[in-house]
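What follows is a short report on a single structure.
Every read-out reported here was derived from the displayed coordinates using simple, explicitly stated rules and does not represent laboratory data. Bear in mind that the values here come from a model prediction, so they are computed numbers and not experimental data. Glycine gets a Cβ as well: all are built from the backbone with ideal geometry, and neighbour counts include every protein chain shown.
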Protein chains: 2
Amino acid sequence: MIAVDLSDRKRKILQAIIDEYIWTAEPVGSRAISKKENLGLSSATIRNEMADLEEMGYLVQPHTSAGRVPSDAGYRFYVNSLMQNYKIGMEAVTQLRELLEARVSQLEKLIKYAAAIASSLTDYAAVATAPKESNSHIRKIDLVPVASHTVMLIVVTRDVQSRAINADIDGESCEKLSKLLNAKLAGLKADDIDFEKIQKIQRETENKLSINPKVLIDILHFVYDTITADTETEIYVNNAKSILRYPEYSNVEKAEKILSFLEDKENLKKLVETDGNDGIEAKIGKENDFEILQDCSLVSVNYSLGDKTSGKLAVIGPKRMNYAKVFASLDLISNEIDKILGYYMNDG
Amino acid sequence: MIAVDLSDRKRKILQAIIDEYIWTAEPVGSRAISKKENLGLSSATIRNEMADLEEMGYLVQPHTSAGRVPSDAGYRFYVNSLMQNYKIGMEAVTQLRELLEARVSQLEKLIKYAAAIASSLTDYAAVATAPKESNSHIRKIDLVPVASHTVMLIVVTRDVQSRAINADIDGESCEKLSKLLNAKLAGLKADDIDFEKIQKIQRETENKLSINPKVLIDILHFVYDTITADTETEIYVNNAKSILRYPEYSNVEKAEKILSFLEDKENLKKLVETDGNDGIEAKIGKENDFEILQDCSLVSVNYSLGDKTSGKLAVIGPKRMNYAKVFASLDLISNEIDKILGYYMNDG
DNA sequence: TGTTAGCACTCGATTAACGTGAGTGCTAAC
DNA sequence: GTTAGCACTCACGTTAATCGAGTGCTAACA
């Protein structure tokens, strides 16, 4: 890290430059700063200071005879110690609360909405992960025939998963089989169930039910799949197209590459998976591992989902994003989610 | 409609021009045609024919001294009577079949994958609607407590819907209530259930169960909501960003407008909702009702979902899309879906 | 010693002028 | 009816000229 021994004046000037650049997206010159700011200094003085700041690595000049642009280090310094608190309007806060409260009745969708809210508050792309409860109890398993060749398998943990299975089983056999499955599996955690267990159930069941053994195997496989798939992390992206609005991506090819990247859930999972650091974290430009995102910034926060599991909410935008606003928004949203989930998701 | 009395030669020339333009996206000149095609004609002759075709409204000239570009009418004529059959490779076909077959175990997702396949086959944006079974029987209703303050409501029709409800009810009461709900509601169709019915159940239930009446009302409301929400049409978009690849949208602002449009599900629903015409239908350019899409084309097909309900699968791309390929792809996919759904979704 | 006015200089961006070439329409000859 | 030939048009790419925002440096000033 670069030493932080900046004079008060330099700090003010740096802040002014970055604020200005975030707003205009154009190299800012000494004159603009000397005019706009209260600090009673001429452009010449500011010029000298800017030259210093450049030498220190906080600013760069796209070319001689252009104004200055913040470097990654400049943004980093800004985020760490310069930026002003952003105050989110009270209306937005209450609106957010209402929105989230209303969604609690569909917990599965809460996270999706959190991402939507983050992107609408900030107007950048937002990503949210909704880790399925990795190891929650199986509360119930059910098999319900829904059409002539189709049986619906339903597994209730903290969440509900269902999948249609092609099999010809009558209602009675379904009921018997689900009773049996419940007896064997309910109350267990997903981690406790391995393939051998399933095979054991198969052997024990085979003769007790009037189900074609081949079909039975199929169903048990699906049960196994469904239970173990439970740990899969869902991930949502919102407003990815917003990057088209920022001049730094007016290059269509680049924009398309980023959009493709943001569409690929594997990428996104890698992107947001990190140590469960509390608090808000920013990755600025090259601090980012992915090449394509190296002139973007990613600001993320962990929220806790019930007991141990935690999810992530992140905003992706241009390096010159409005960090103050993004930080404030993520802080607000994650706090609200924590409150709500902490209350409702406590294991009973 | 314009009269169809084109000489064979004119037809050949028009076809060649459109084929070429679809490929290059650049105005095509007489020389290119006279060289490429087998018809042994000089550029001068072709020039005359092109002038005729322009007068007839099939071609337009961006400016004097540029080649010709097909008009909407030109594309229409091409689609109606010029375009060659496109043969989809056998590998793609078998791959598609396997993919769909594999997804049958999750019928709800089948349509989503159909859209994905359509967009990957054609490389244009694809939209698919998955109308929920509007009026299927309620097979089962279940209430399962999943956390200290949360009860999961599960409604099985042909599909499974679930939603978490904040309520403190113990397992026993849940069971009693679900038994009661099943007794009253199972076997009915969604249409048969109105709000009065729910209220009646409430009155009848109130005293039999040890559930806080306020909570009971809440739950019944959710049951009602969930059952009636069943008719809601789900809609999926895929590969919207592909439009960035086509030079006609290199204008970023326009591209963003279209992307926004394609993100708004309300728009999309309006876009694809039409009379359930069988067969494949194309809306070319201005034939489209939405202003933003007036230099796009939309090709759509209906697939039938079980008995009466039908869904739509559509591809959206530039007017100079590869119609033959798109038609063939949609034809293939919709046929496969019809086959699969016709078999598995038959009401039992 | 720090600040500032003044000035020469740099260099991207904008505009203008110009040549190039793909393509046309028309005419006259085959 | 077809085609070779030719004058004409006009978007596009290149080059040259101009402009101006912004800089660094120097010298004067408080």
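Against the longest alpha carbon principal axis of chain A, how many degrees, from 0 to 90 and to the nearest 10, is the axis of helix A:213-229 turned? Between the helix axis and the principal axis of chain A, the angle is about 30 degrees. Shielding by partners for peptide A:83-93, expressed as the average number of C-beta atoms from other protein chains within 10 Å of each residue's C-beta, is 0.
Taking the inverse of the mean reciprocal distance over all distinct Cα pairs, the Kirkwood hydrodynamic radius of the stretch A:289-338 comes to 11.8 Å. In this structure, the amide hydrogen of B:Ser310, modeled 1.01 Å from its nitrogen in the peptide plane, lies closer than 5 angstrom to those of B:Leu305, counting only residues at least 5 positions away or on a different chain. Contact order, relative form, for the stretch A:8-82: 34 percent (alpha carbon pairs under 8 Å, 6 or more residues apart, mean separation divided by residue count).
Straight-line cross-link reach from B:Lys283 at under 12 Å between alpha-carbon atoms covers these aspartates and glutamates, not counting any fewer than eight positions away in the same chain: B:Asp72, B:Asp295.
Where a ≥ b ≥ c are the square roots of the eigenvalues of the C-alpha gyration tensor, would you call the stretch A:140-229 rounded, which needs a/c under 1.5, or, failing that, prolate if a/b is larger than b/c, or oblate? Please report the intermediate quantities before stating the final value.
Working: a/c = 1.67, a/b = 1.20, b/c = 1.40.
It is oblate, given that a/c is not under 1.5 and a/b is not larger than b/c.
Would you mind counting up the charge near A:Pro70? Only other residues with Cβ under 9 Å from its Cβ, with Lys and Arg at +1 and Asp and Glu at -1.
Numbers: positive: A:Arg68, A:Lys319, A:Arg320; negative: A:Asp72.
Charge balance in the 9 Å sphere: +2.
Across the stretch A:245-255, computed HN-Hα scalar couplings (Karplus, 6.51 cos²θ - 1.76 cosθ + 1.60, θ = phi - 60°) run 7, 9, x, 5, 10, 5, 5, 4, 4, 4, 4 Hz from first to last residue, x flagging Gly and Pro. Take B:Ala25, move 7 Å from Cα toward the beta carbon, and the resulting point lies 2.2 nm from the same point in each other copy, nearest first. Taking only the Cα atoms of the stretch A:171-278, the ratio Rg/Rh comes out at 1.27, with Rh defined as the Kirkwood radius.
Shown in residue order for the stretch B:331-339 are the 3J(HN,Hα) couplings computed by the Karplus curve 6.51 cos²θ - 1.76 cosθ + 1.60 at θ = phi - 60°: 4, 4, 4, 5, 4, 4, 5, 3, 4 Hz (x for Gly and Pro). Remark: spin-label model distance A:Ser310-A:Val215 equals 4.8 nm, labels positioned 7 Å along the Cα→Cβ axis. Between the amide H of A:Glu234 and those of A:Ala130, A:Lys132, distances stay under 5 Å, these residues lying 5 or more places away or on another chain, with hydrogens modeled in the peptide plane. The label-point distance for B:Asp170 and B:Lys339, in a model that sets each label 7 Å from Cα toward Cβ, rounds to 5.6 nm.
Can you give me the Kirkwood hydrodynamic radius for the stretch B:8-82, using every pair of distinct Cα atoms, in Å to one decimal? Walk me through the intermediate numbers first.
Working: mean 1/r = 0.0837 Å⁻¹.
Roughly 11.9 Å, rounded to one decimal.
Taking the centroid of alpha carbons for each part, the stretch A:257-287 and the stretch A:310-336 are 13 Å apart. The loop-placed GluC sites (Glu not before Pro) in the stretch B:136-217, going by DSSP, that have at most 16 neighbouring Cβ atoms within 10 Å of their Cβ come out as B:Glu206. For B:Glu206, the shell of other residues with beta-carbons less than 12 Å away shows a net charge of +3, using +1 for Lys and Arg and -1 for Asp and Glu. Pairs with C-alpha atoms separated by more than 22 Å, drawn from the list A:Lys109/B:Lys112; A:Lys112/A:Lys140; B:Lys109/B:Lys269; A:Lys109/B:Lys339; A:Lys270/A:Lys339, are A:Lys112/A:Lys140; A:Lys109/B:Lys339; A:Lys270/A:Lys339. In nanometres and ascending order, the distances from the B:Glu196 label point to those of the other copies are 6.2 (point 7 Å from Cα along Cα→Cβ).
Length gained on full extension, A:Lys10 to A:Ser250: 83.1 nm, using 0.36 nm per residue less the C-alpha separation. Over all alpha-carbon pairs in chain A, figure out the percentage whose distance exceeds 26 Å. When all Cα pairs of chain A are counted, 60 percent exceed 26 Å. Bridgeable lysines around A:Lys12 (alpha carbons under 16 Å apart, same-chain partners fewer than 8 residues away excluded): A:Lys35, A:Lys36.
Remark: label point of B:Asp331 defined 7 Å out from Cα along the Cα-Cβ vector; separations to the same position in other copies 6.2 nm, ascending.
Both numbers refer to the Cα atoms of the protein assembly as shown; Rg and Dmax are 30.4, 93 Å. Express in % the proportion of alpha carbon pairs of the stretch B:198-252 at distances exceeding 18 Å. So the pairs more than 18 Å apart make up 59 percent of the total in the stretch B:198-252. Note down the net charge around B:Tyr86, summing +1 for each Lys or Arg and -1 for each Asp or Glu among other residues with Cβ under 10 Å from its Cβ. Residues near B:Tyr86 contribute +1 overall. Here's the list of aspartates and glutamates a cross-link from A:Lys208 could span, going by alpha-carbon distance under 14 Å and ignoring same-chain residues fewer than 8 apart: A:Glu172, A:Glu175.
Give me a single rounded figure for B:151-159: the average over its residues of other chain Cβ atoms within 10 Å of their Cβ.
On the way: counts 1, 9, 2, 7, 0, 7, 3, 5, 4.
Average per residue, whole number: 4.
Taking Cα atoms only, the orientation of helix A:8-24 departs from the longest principal axis of chain A by about 60 degrees.
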